[in-house]
Amino acid sequence: MKKSPPPKKSISGPDVRIRPLTSLEEFRDCVFIQRRVWDHPDLDLIPDHFFQIAFHTGAILLGAFVAGRLSGYVYSFPADFGRTRGHHSHHLAVLPEVQGLGLGKALKWAQRDEALKRRLELVTWTFDPLQARNANLNIHVLGVVGRTYLRNFYGETPTLGVEEGVPSDRFLVEWRIKSARVRARRQGPPAPVDPRRIPKALEREEGGLEPAIVPGRPNLRLQAPRILVEIPGRIADLPQGEGLVAAWQTAARKAFEAYFARGYRLDDFISGERSYYVLRLTAGTERAPFFGRPS
């Protein structure tokens, strides 16, 4: 039997340093990282001269250096949320050879530390609802919440979709960096939720063979305080060009839009043999979608 490779260990200590990026040379390295991580054409890359002016006009731009080499970065810019001081985080990128070692998480917590120094309260960002790894980091580890679903937000941009011809749907999530929820996550993620105890608004059809799993029909009539929405553990593993990716997006979109409209929000993520969003029913102003809305 072939042995599986040992799990990667988190990296820390003197070989890893996170600090602000300040020079054109470092900004050029950020362009290189974009190419390596996302394989985007030049048209879709943020150029070094943009990072230069962003740095001088209030952006947070932090780099993670491993053994002296820039290996990842996080970038956010000032955003207008009315009375709430905040930033929108547009990039988090880590070179493939050091992914899975905790650099992304470390960069986000460093971003929070810098945002708190600037007396900010809120950091937002978008991510694809079908990307389970991002969902786990954002919700379970960092403690973001979300109540806004954005259809085809970035348009028909092939590099920003999960498959050619599939819309670039996104969540807009809120990182309330001073909240008790986020402070608790800073000490470590909570114990995993048992999915057997929570009703499912969406789950796969039983009997399908991995990786070609098929979404079931969304149940939009649940009344429980918490519900689950399943997504594939790795959307990239689904057979391409057979309509499965589009089917999962359509089913998940129906579930999220329906339950967000009824006052549910993203509250946790379960990552294991099967992957589930945990949605929790909320009250008051949290029921309203959040995007470009003064608070």
Scan the range 118-170 for residues that are on the phi > 0 side of the Ramachandran plot and touching a helix residue (DSSP H, G or I) at 6+ places or on another chain (Cβ under 9 Å) and report the count. 2
Does the range 158-178 include one or more residues that are surrounded by 15 or more Cβ atoms within 10 Å (Cβ to Cβ), assigned to a helix (DSSP H, G or I) and not acidic (Asp, Glu)? yes
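Per-residue answers, yes or no, for (1) closer than 24 Å to SER168 by Cβ; (2) at pLDDT 95 or above:
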site: TRP248; (1), (2): yes, yes
site: ARG253; (1), (2): yes, yes
site: ALA258; (1), (2): yes, yes
site: ARG287; (1), (2): no, no
site: GLY292; (1), (2): yes, no
Using the structure shown, decide if ALA184 is surrounded by fewer than 15 Cβ atoms within 10 Å (Cβ to Cβ), in a helix (DSSP H, G or I) and of a type outside the set (Ser, Thr, Tyr). yes
Is there a residue in the range 131-154 that is in contact (Cβ under 8 Å) with a residue 24 or more places away in the chain, of a type in the set (Gly, Ala, Ser), in a helix (DSSP H, G or I) and crowded, with 18+ Cβ neighbours inside 10 Å? yes
What number of residues within the range 136-174 are among the hydrophobic types (A, V, I, L, M, F, W, C) and touching a strand residue (DSSP E or B) at 6+ places or on another chain (Cβ under 6 Å)? 8
Name the pairs: first residue in the range 229-250 and under 18 Å from ILE270 (Cα atoms) and in contact (Cβ under 8 Å) with a residue 60 or more places away in the chain, second residue among the aromatic types (Phe, Trp, Tyr) and assigned to a helix (DSSP H, G or I), Cβ to Cβ under 9 Å, at least 6 apart or on different chains? ILE231/TRP248; PRO232/TRP248; ILE235/TRP248
Within the range 199-212, take every residue that is within 23 Å of the chain's Cα centre (by Cα) and among the hydrophobic types (A, V, I, L, M, F, W, C) and give me the one that is surrounded by the most Cβ atoms within 10 Å (Cβ to Cβ). ALA201
Quick test for you: out of LEU107, LEU101, pick the one residue that is among the aliphatic types (A, V, I, L, M), in a loop (DSSP other than H, G, I, E, B) and buried (at least 18 other Cβ atoms within 10 Å of the Cβ). LEU101
Test: residue in the range 60-73 that is within 24 Å of ASP113 (Cβ to Cβ), within 22 Å of the chain's Cα centre (by Cα) and without any contact (Cβ under 8 Å) to a residue 40 or more places away in the chain: yes
Quick test for you: out of ALA110, ALA135, pick the one residue that is within 20 Å of ALA236 (Cβ to Cβ) and under 17 Å from the mean Cα position of the chain (by Cα). ALA135
Output the number of the condition that THR124 fails; it satisfies all remaining conditions of (1) crowded, with 19+ Cβ neighbours inside 10 Å; (2) in a loop (DSSP other than H, G, I, E, B). (2)
Here the residues within the range 38-75 that are in a loop (DSSP other than H, G, I, E, B), surrounded by 13 or more Cβ atoms within 10 Å (Cβ to Cβ) and aliphatic (A, V, I, L, M) are LEU45, ILE46, ALA59
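The values are calculated or read from the model by the stated rules, or taken from the named source; none is laboratory data. Small disclaimer: the values here were computed from a predicted structure and weren't measured. Cβ: placed from backbone, ideal geometry, glycine included. Neighbour counts: every protein chain shown.
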